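J.: Would you mind keeping the following structure in view while I ask a few things?
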2 protein chains.
Amino acid sequence: MFSIGEVSRRTGVKVPTIRYYEQMGLMAPSERSEGNQRRYGRGDVERLTFIRHARDLGFEIDRIRELLALSQHPEAPCEGADRIAGAHLTEVRQKIEQLKRLEAELERIVSHCGGHTVEDCYVIRALSDHGLCEHEH
Amino acid sequence: MFSIGEVSRRTGVKVPTIRYYEQMGLMAPSERSEGNQRRYGRGDVERLTFIRHARDLGFEIDRIRELLALSQHPEAPCEGADRIAGAHLTEVRQKIEQLKRLEAELERIVSHCGGHTVEDCYVIRALSDHGLCEHEH
DNA sequence: GATAATTCCTCTAGCGGCTAGAGGTTCAAG
DNA sequence: CTTGAACCTCTAGCCGCTAGAGGAATTATC
């Protein structure tokens, strides 16, 4: 049996975050010591590793709840998991595209700033005057 | 003089958001009608356009406050604005890199999922078993 | 000029995913 | 048995809004 601190060390998930996941229903309420402290087993550590891994990949808490539920049914078809991961991948790609547009716009603004005073500064002028934008945003 | 709704229509910033910006100190408290409703002038519309523009480019509220302060001093050197925009550009690029790593990892996981049941599902297995990861995350 | 529809006001609370801190209890080492 | 670290619960804060309650002002229609 591991204390919450021990589990935190093993999984890399911070102590308050573990408690937060319990509140959010990702982790079932653990057993408790006589003095009411949380005590975890191997299964809990695995589950938390799963969660951490999914969070690192950017899955939302709700999606992780679904993925966890799916992982409990080894015999079920895995379309669900595929769909969730696929949808997430699509979102990630969209975010990348959006950030790239932002990057291009910022690049253009920063590189054009040749002036030495705010009056001539392209950064400030671009922000003031929408006409200087390349794209709609 | 424009009502808050009129200003909202002109700038594309939602009414509650305008009030929020006032609270955050981006917009000075406006004049009021006899019945205590906000009344804005041209200058306010321009300032709000600046803010919206900066938000669209992903600048944080605090940075926008700084940019607004700089824009009030046309004779000042524009290093400040340059530095803020440059730092932001760097952040955007870092986020893109991070999302690309995520994309690669997700791509790999999704495309490997050939099984028909959760038991064989690469999505689920990859989340359970860190050993299946390409990179540390 | 009355009425109705729309817009406006303030205030409070909620979103996601934690993180920080207060104030108190339990545990493990020496 | 004492100390100090780790634990407990509870509340509040972060960011940038957004939503809703409950009420007042304004505008449009008759």
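The values are calculated or read from the model by the stated rules, or taken from the named source; none is laboratory data. Treat the numbers as computed from the prediction; the structure is a model and nothing was measured. Neighbour counts run over all protein chains shown; Cβ positions are idealised from the backbone, glycine included. Protein only, heavy atoms only, side chains kept; ligands, DNA and RNA dropped before computing areas. Shrake-Rupley method; radii C 1.70, N 1.55, O 1.52, S 1.80 Å.
J.: Restricting to the range B:1-53, name every residue that is part of a loop (DSSP other than H, G, I, E, B), more than 9 Å from DNA strand C (Cβ to nearest atom) and more than 14 Å from chain A (Cβ to nearest Cβ). Can you show your working first?
T.: Narrowing the range B:1-53 to residues part of a loop (DSSP other than H, G, I, E, B): B:1, B:3, B:12-14, B:24-30, B:33-37, B:41.
Now restrict to residues that are more than 9 Å from DNA strand C (Cβ to nearest atom): B:1, B:12-14, B:24-28, B:34, B:41.
Those that are part of a loop (DSSP other than H, G, I, E, B), more than 9 Å from DNA strand C (Cβ to nearest atom) and more than 14 Å from chain A (Cβ to nearest Cβ): B:1, B:14, B:24, B:25, B:27, B:28, B:34, B:41.
J.: If you don't mind, there's one more thing I want to ask. Anything in the range B:16-38 that is more than 9 Å from DNA strand D (Cβ to nearest atom) and open to solvent by 30 Å² or more (accessible area, probe 1.4 Å)? List them, or say none.
T.: B:22, B:25, B:28, B:29, B:31, B:38
J.: Give all pairs with beta carbons closer than 8 Å in which a residue from the range B:43-71 that is acidic (Asp, Glu) meets a residue that is at pLDDT 95 or above; count only pairs at least 6 apart in sequence or on separate chains.
T.: Within 8 Å, the pairs are B:44/B:2; B:44/B:7; B:44/B:27; B:44/B:30.
J.: Select, from B:7, B:110, B:45, the only residue that is touching a strand residue (DSSP E or B) at 6+ places or on another chain (Cβ under 8 Å) and more than 16 Å from DNA strand D (Cβ to nearest atom). Quick ask: steps written out before the conclusion?
T.: Working: B:7 fails: more than 16 Å from DNA strand D (Cβ to nearest atom); B:110 fails: touching a strand residue (DSSP E or B) at 6+ places or on another chain (Cβ under 8 Å).
The match here is B:45.
J.: I've got another one for you. Are there any pairs, at least 6 apart or on different chains, whose C-beta atoms fall under 8 Å, with the first in the range A:91-112 and more than 9 Å from every other protein chain (Cβ to nearest Cβ) and the second open to solvent by 50 Å² or more (accessible area, probe 1.4 Å), and if so, which?
T.: From the range A:91-112, the pairs are A:101/A:135; A:101/A:137; A:104/A:134; A:108/A:134.
J.: Across the range B:54-89, what is the number of residues that are more than 9 Å from every other protein chain (Cβ to nearest Cβ) and not in a helix (DSSP H, G or I)?
T.: Qualifying residue count for the region: 1.
J.: Further question: Read through the list (1) surrounded by fewer than 16 Cβ atoms within 10 Å (Cβ to Cβ); (2) at the interface with another protein chain (Cβ under 7 Å from one of its Cβ atoms), then give the number of the only condition that residue B:127 fails.
T.: The failed condition is (1).
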